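J.: The structure's right below; bear with me while I get my questions together.
The values are calculated or read from the model by the stated rules, or taken from the named source; none is laboratory data. This structure is a prediction, so every number in the text was calculated from the model and none was measured. Using ideal geometry, Cβ is built from the backbone for each residue, glycine included, and neighbour counts are taken over all protein chains shown. Ligands, DNA and RNA are excluded from the accessible area calculation, which covers all protein heavy atoms including side chains. Shrake-Rupley method; radii C 1.70, N 1.55, O 1.52, S 1.80 Å.
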Amino acid sequence: MLLKGHNLTTRQPFHQLLQKKPSLPSAIWHRAVRGMFIQTQDTPNPNSLKFIPGREVLGSRTMEFSTPAAAYCSPLARQLFRIEGVKSVFFGPDFITITKESEDLDWNLLKPDIYATIMDFFASGLPVVTDEAPRTDTAASEEDDEVVLMIKELLDTRIRPTVQEDGGDVIYKGFEDGIVQLKLQGSCTSCPSSIITLKSGIQNMLQFYIPEVEGVEQVVDDDDDVEKEANST
């Protein structure tokens with residue numbers, strides 16, 4: 001996968017070291033609910049699957065729910081967490097990424113309930129998230145200096161769209177002493193190749209365009225069940 005517009009002389013693919021297998025043909029599920037179709041797409045994380053309902057989910061936003069308690073602001077996420085085997089839920093602009101609890105769970109057993117929940121919810125006309133939902137974007141603020149503005153712009157225009165194609169996202173969390181702090185979401189959260197994504201993809205691009213960037217560091221929230229890993233050089 002190439003980052004669009006990234007004109008490095010070596011022309012290295014964004015996920016070159018991931019050795020990502022070609023996606024299997026997307027499965028399509030149809031139910032007579034206003035002619036709605038849902039496609040599924042594999043991600044680099046075998047425990048995460050991308051569901052594409054064919055309509056807007058969050059528009060220009062993304063949001064991750066790592067626990068049922070975190071889904072207080074989303075009626076759809078709460079419904080999805082009621083399905084046995086669902087570990088986390090991620091909403092993208094036009095897709096939903098579901099992460100299952102373990103590799104032992106068969107997607108073929110989970111998919112019917114996930115399909116039905118998504119289709120029934122969109123047929124209800126309820127909002128995907130409520131007004132009290134927190135903002136988790138990389139929007140520029142008046143407090144940002146020139147370097148931070150450049151980092152956020154590069155994330156929004158070059159990096160996040162590519163990561164979202166794999167059912168995940170990367171959120172800006174801070175910049176200190178040359179280190180960009182980022183949080184991986186969706187399929188990237190527990191993906192075995194997430195460190196490679198940070199090092200061979202995101203870090204290389206940021207350093208290429210922004211000399212002030214010395215490295216990247218993955219940060220996690222307190223409620224995540226993985227330890228923080230530092231990937232700076």
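J.: Taking segment 30-53 as the search range and keeping residues that are open to solvent by 90 Å² or more (accessible area, probe 1.4 Å) and in a strand (DSSP E or B), which one is modelled with the lowest pLDDT?
T.: So, considering only residues that are open to solvent by 90 Å² or more (accessible area, probe 1.4 Å) and in a strand (DSSP E or B), the one modelled with the lowest pLDDT is H30.
J.: Being among the small types (G, A, S), open to solvent by 10 Å² or more (accessible area, probe 1.4 Å), at pLDDT 90 or above and out of contact with any strand residue (DSSP E or B) (no Cβ under 9 Å at 6 or more places or on another chain): is that true of A69 here?
T.: yes
J.: Please state which of the following conditions P112 fails to meet, knowing it meets all the rest: (1) closer than 30 Å to V213 by Cβ; (2) loosely packed, with under 12 Cβ neighbours inside 10 Å.
T.: (1)
J.: Moving on to the next point. So I210 fits all but one of (1) within 21 Å of the chain's Cα centre (by Cα); (2) open to solvent by less than 20 Å² (accessible area, probe 1.4 Å); what number is the exception?
T.: Condition not satisfied by I210: (1).
J.: Which one is modelled with the lowest pLDDT among residues in segment 172-207 that are open to solvent by less than 10 Å² (accessible area, probe 1.4 Å) and of a type in the set (A, V, I, L, M)?
T.: That would be L198.
J.: A follow-up question, please. Go through L155, L149 for me and flag whichever is over 17 Å from L58 (Cα atoms) and crowded, with 19+ Cβ neighbours inside 10 Å.
T.: L155
J.: Could we say that S74 is over 23 Å from D156 (Cα atoms) and crowded, with 18+ Cβ neighbours inside 10 Å here?
T.: Answer is yes for this residue.
J.: Run down D120, D166 and say which single residue is more than 21 Å from P211 (Cα to Cα) and buried (at least 19 other Cβ atoms within 10 Å of the Cβ).
T.: Of D120, D166, the one residue that is more than 21 Å from P211 (Cα to Cα) and buried (at least 19 other Cβ atoms within 10 Å of the Cβ) is D166.
J.: Another question, then. Please work out which one of (1) out of contact with any helix residue (DSSP H, G or I) (no Cβ under 6 Å at 6 or more places or on another chain); (2) open to solvent by 20 Å² or more (accessible area, probe 1.4 Å); (3) of a type outside the set (K, R); (4) under 20 Å from S48 (Cα atoms) is the condition D144 fails and give its number.
T.: Among (1) out of contact with any helix residue (DSSP H, G or I) (no Cβ under 6 Å at 6 or more places or on another chain); (2) open to solvent by 20 Å² or more (accessible area, probe 1.4 Å); (3) of a type outside the set (K, R); (4) under 20 Å from S48 (Cα atoms), the lone unmet condition for D144 is (4).
J.: Testing G85 on (1) over 19 Å from the mean Cα position of the chain (by Cα); (2) on the phi < 0 side of the Ramachandran plot; (3) modelled with pLDDT of 95 or more, one condition comes back false. Which one is that?
T.: Only one criterion is unmet by G85, namely (2).
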